[in-house]
Amino acid sequence: MQILDNRTLLIVTALISIGSAVALISLWWAQHQRNGSGFWASGMSCIALASLLLFGWGSLPDFLSIVIANTLYVIGLLLIYRGVRIFTDRAPITLVDFSFPLLTLLLFSYFYYVDNNINIRIAILSFAFVIICAMTVKTLLAEREAPWRTAGYAVAFMFSLFGLSHTIRGIVALFSPSYSEFLDPSVTSSSVLLSGVFIMGGIAISLVLLSYSVLESKLRILSLAVEQSASAIIITDCTGAINYVNPAFVEKTGYSFDELMGQTPRLLQSGEMNPSEYVKLWREITSGHIWRGEFHNRKKNGELFWEIASVAPVKQHDGNISHFVAVKEDITDLKEAKKRIRHLANHDALTGLPTRTLFMQRLNDALLAENSHNRAVLFVDLDGFKAINDSFGHDAGDQLLIAATQRLSYSIRDIDIAARIGGDEFLILCTEIENQASVKLVAERIVNVLKQPFTYGDTEVAISASIGIALYPQHSDNADTLVKMADKAMYQVKRQGKNNYAFATLSSSPSETPPK
């Protein structure tokens with residue numbers, strides 16, 4: 001009956017080990033990462049196989065049921081120890097992993113075939129367990145700052161109990177009379193097997209808890225990182241319904257958590273983006289790819305804002321997409337800064353008018369337009385500006401330029417373009433002009449408005465304007481040539497007394513540059 005009980009305990013140990021191996025394999029498969037649980041599952045499988053072989057003692061060859069079975073017990077614990085070292089980010093001890101099983105195999109073989117001594121075999125097995133348990137406990141207890149240390153201490157405690165029980169068994173085996181059978185019906189063997197059942201179950205449970213404690217720790221860190229992230233994060237299901245938003249998203253959009261749950265991100269659409277962009281986004285992410293781009297969205301209070309976003313599909317182990325996650329950064333200020341930079345790069349800092357580069361782009365565009373007939377380019381130069389700048393200083397000159405720009409802008413239509421291309425030089429593009437007479441009216445208006453006195457402090461100062469005019473396509477169909485001909489006509493006005501305007505002629509060319 002005692003022998004039957006011991007064999008029953010072996011079967012129970014095997015079943016516990018098999019169940020533990022299945023649980024650990026499932027855990028390892030779910031995590032898809034090298035964290036040692038695969039070795040734990042392998043170790044439990046070896047222990048289960050060893051218990052089954054030992055259970056078959058008497059029916060199986062003694063080499064399998066005794067020598068190989070005991071060696072498999074050692075290999076099983078060594079695999080668990082190797083998994084613990086990997087779990088704690090320590091390099092496995094390869095020498096121990098290979099030499100220890102070989103040594104125990106040789107000792108078990110010797111004390112079975114050469115010197116058949118059951119007590120020594122029991123002591124060898126027990127002390128091998130003790131050494132492995134001690135190394136495992138030492139490795140786990142060394143991790144005092146790890147987030148899983150509590151679960152690690154539980155595993156170390158179970159291994160300590162296992163090591164202690166086999167220390168007692170090894171000592172008893174050395175100093176007790178020789179056993180007549182391997183599964184001797186003694187109190188010691190039954191007690192060890194019974195305690196081994198409970199301890200092995202405790203080890204299996206604690207290893208599973210250890211793995212889950214790591215997952216829980218990672219999930220907690222991930223959750224805190226997402227919650228406290230400065231980036232707006234949103235998670236939707238595969239249909240686009242919102243499942244989660246972090247506080248940064250709530251703060252940015254103005255919508256509460258409850259208002260967003262179950263809605264779709266379309267709630268934020270401003271109507272400023274091309275609908276095809278959303279179609280492209282959905283096509284990309286539903287095909288399993290990551291989409292990166294910009295959104296022009298609207299907050300709850302109606303305020304528009306820009307976001308740069310990365311939207312990625314969340315794939316399960318079977319490859320199916322279950323969720324989508326978007327990480328967004330507000331780039332409204334960046335957009336405004338770029339807009340200001342572009343403006344400064346193409347506009348005069350003092351007057352705000354376009355520069356020569358932007359003016360030439362606009363002129364070329366106007367000449368390439370389908371209704372590009374009847375265009376005029378006016379080259380305006382302020383007469384007497386240098387004298388005022390020299391007499392009153394640069395501040396007076398700047399104030400005069402600003403005032404002159406305002407008068408110049410009031411003198412042309414909204415569809416016309418004025419640009420400052422030099423210190424006191426301006427270009428004007430008149431579009432959709434009816435005839436040459438309408439250009440004359442614009443030039444006369446500019447001349448008249450600029451010759452009116454300007455006030456600087458308590459002093460009145462006066463300037464005038466010389467204007468050269470080139471017409472498209474009468475004078476040229478090329479933008480650069482039109483500007484050059486208008487420039488030549490302007491200098492012709494200066495030679496003839498200034499404060500006037502003149503149209504370019506195909507044969508006119510200034511012989512000298514008159515003083516301003």
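The values are calculated or read from the model by the stated rules, or taken from the named source; none is laboratory data. If you're wondering where the values come from, they're calculated on a predicted model, not measured in any experiment. Cβ sites come from the backbone with ideal geometry, for glycine too, and all protein chains shown count toward neighbours. To get the accessible areas, we keep the full protein, side chains included, count just its heavy atoms, and leave off ligands, DNA and RNA. Shrake-Rupley method; radii C 1.70, N 1.55, O 1.52, S 1.80 Å.
Strictly over 31 Å apart at the Cα level, which of LYS335/LYS451; LYS299/LYS338; LYS338/LYS484; LYS252/LYS339; LYS335/LYS440; LYS300/LYS339 would you flag in this model? The pairs that break the limit, which is 31 Å between Cα atoms, are LYS335/LYS451; LYS338/LYS484; LYS335/LYS440. Backbone amide hydrogens, once placed in the peptide plane, bring VAL314 within less than 5 Å of SER322, HIS323, PHE324, VAL325, excluding anything fewer than 5 places away on its chain. Of ASP89, ASP416, the order by accessible heavy-atom surface (1.4 Å probe, DNA, RNA and ligands excluded), from most exposed downward, is ASP89, ASP416.
Report note on the peptides 152-163, 91-102, 441-452: ranked by the mean count of other C-beta atoms within 10 Å, highest first, their order is 152-163, 441-452, 91-102.
3J(HN,Hα) along the range 458-467: 9, 10, 9, 10, 10, 9, 9, 9, 10, 10 Hz, from the Karplus curve 6.51 cos²θ - 1.76 cosθ + 1.60 with θ = phi - 60°, whole Hz, x for Gly and Pro.
Taking 0.36 nm per residue of separation and subtracting the Cα-Cα distance, full extension of the segment from THR481 to TYR110 would add 122.9 nm. Taking the centroid of alpha carbons for each part, the range 110-126 and the range 280-354 are 73 Å apart. R0 = 30 Å: FRET efficiency of ILE235 with ASP89, Cβ-based, nearest 0.05? Rounded to the nearest 0.05, the efficiency is 0.50. If R0 is taken as 30 Å, the Cβ-Cβ distance between LEU350 and GLU444 corresponds to a FRET efficiency of 0.70.
Are there DSSP H segments in the chain that both extend 30 Å or more along their axis (alpha-carbon positions) and score a mean Kyte-Doolittle hydropathy of at least 1.0? List them, or say none. Membrane-span-like by this criterion, though nothing is claimed about a membrane: 2-31, 118-141, 149-175, 187-228. Excluding same-chain neighbours fewer than eight residues apart, the aspartates and glutamates reachable from LYS218 by a Cα-Cα span under 20 Å are ASP89, GLU143, GLU145, GLU227. Here the range 206-329 yields Rg over Rh of 1.02, to two decimals, using C-alpha coordinates and the Kirkwood radius. Out of every Cα pair in the range 420-514, what percent are spaced more than 24 Å from each other? Of all Cα-Cα pairs in the range 420-514, 23 percent lie more than 24 Å apart. Ranked from largest to smallest solvent-accessible area, with a 1.4 Å probe on the protein heavy atoms, ARG283, ARG420 come out as ARG283, ARG420. Given 25 °C and 0.890 mPa s, compute D for the range 282-342 with the Stokes-Einstein relation, Rh being the Kirkwood radius over Cα pairs; round to the nearest whole µm²/s. It comes out at roughly 184 µm²/s.
Given their separation in residues at 0.36 nm each and the Cα-Cα distance between them, PHE175 and THR459 gain 90.1 nm when the chain is fully extended. In whole percent, what relative contact order does the chain give with Cα contacts below 8 Å and a gap of six or more residues? About 8 percent, as a whole number.
Taking the full set of protein chains and a 1.4 angstrom probe, give the accessible area of ILE118 in square angstrom, rounded to the nearest 10. My reading of the accessible area for ILE118 is about 20 Å². I need the Debye-formula profile for the range 77-151: one equal scatterer per C-alpha, no solvent, reported as log10 I(q)/I(0) at q = 0.11, 0.12, 0.13, 0.16 1/Å, two decimals. Values, matching the q order: -0.36, -0.42, -0.48, -0.65. Once amide H atoms are placed 1.01 Å from N in the peptide plane, what residues at a sequence separation of 5 or more from TYR501, or on another chain, have their amide H within under 5 Å of its amide H? Here ILE467 satisfy the definition. The heavy atoms of HIS296 present about 30 square angstrom of accessible area, all protein chains included, probe 1.4 Å. First obtain the Kirkwood hydrodynamic radius of the range 286-383 from its Cα pairs, then insert it into the Stokes-Einstein equation at 10 °C and 1.306 mPa s, and state the resulting D in µm² per second as a whole number. Value of D from the Cα-based Kirkwood radius: 86 µm²/s.
Per-residue accessible area for ARG169 at 1.4 Å probe radius, Å² rounded to 10? About 40 Å², ignoring ligands and nucleic acids. Taking every alpha carbon pair in the range 318-358, what does the distance histogram look like in 5 angstrom bins from 0, in percent? All Cα pairs considered, the percentages come to 6, 18, 15, 11, 10, 7, 7, 6, 6, 5, 5, 3, 1. With θ taken as phi - 60° and the Karplus curve 6.51 cos²θ - 1.76 cosθ + 1.60 applied, the whole-hertz 3J(HN,Hα) list for the range 239-251 is 8, x, 6, 6, 9, 7, 9, 8, x, 4, 5, 4, 5 Hz, x standing for glycine and proline. Ignoring aspartates and glutamates fewer than eight residues from LYS488 along the same chain, the ones with Cα atoms less than 14 angstrom from its Cα are ASP381, GLU425, ASP480, GLU512. In this structure, the amide hydrogen of PHE454, modeled 1.01 Å from its nitrogen in the peptide plane, lies closer than 5 angstrom to those of VAL461, ALA462, ILE463, counting only residues at least 5 positions away or on a different chain. Normalising the Debye intensity of the chain to I(0), with uniform scatterers on Cα atoms only, and taking log10 at q = 0.05, 0.07, 0.08, 0.10 Å⁻¹ returns -0.51, -0.65, -0.73, -0.90.
Summing charges over all other residues whose Cβ lies under 14 Å from the Cβ of TYR501, with Lys and Arg as +1 and Asp and Glu as -1, gives +3. Can you give me the Cα centroid spacing of the range 255-276 and the range 432-471 in angstrom? Rounded to whole Å, the Cα centres lie 53 Å apart. With contacts taken as Cα pairs under 8 Å at a separation of at least 6 residues, the range 421-483 carries a relative contact order of 18 percent.
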